[in-house]
Amino acid sequence: MDVEHLSRFSAMSKYHFIRKFDESLGMTPHQFHIQNRVRKAKNMLEETDSLTEAGMNAGFYDQSHFIRQFKHLYQISPSSYKAACIDLDALAQSGEKLR
């Protein structure tokens, strides 16, 4: 749903809706939408080998936008995150214990 539809549904102007949304959640509807896309892509990264595929399936137009947003939210690149997931999986399968 777009902001205009949500604002009409809530009987507010578009800008008043955005301000109230920001007051309630601490982010704009657009920031919320991007954050949800990044989370979806993060979950896909744990299941797929392709960073591009994860970003595209989460709704990002191009890989650079996906990488920028991922780094902004998690302070780590998607490829580093993917490598860390692989390392943790290998550690879990080896049966070694962490200190």
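Structural remarks
- The criterion of at least 3 residues that are loosely packed, with under 15 Cβ neighbours inside 10 Å and among the charged types (D, E, K, R) is met, among helices (runs of 4 or more DSSP H) falling completely within the range 1-62, by 14-25.
- If you filter the range 58-76 down to residues that are in contact with a helix residue (DSSP H, G or I) (Cβ under 6 Å, 6 or more places away or on another chain) and not hydrophobic (A, V, I, L, M, F, W, C), you find that the one that is farthest from residue 39 (Cα to Cα) is 63.
- Evaluation of residue 76 against (1) modelled with pLDDT under 90; (2) in a loop (DSSP other than H, G, I, E, B); (3) among the β-branched types (Val, Ile, Thr) (one fails), failing number: (1)
The values are calculated or read from the model by the stated rules, or taken from the named source; none is laboratory data. No experiment lies behind these values; they were computed from the predicted model shown. In this analysis, Cβ positions are derived from the backbone assuming ideal geometry, glycine residues included, and neighbour counts consider all displayed protein chains.
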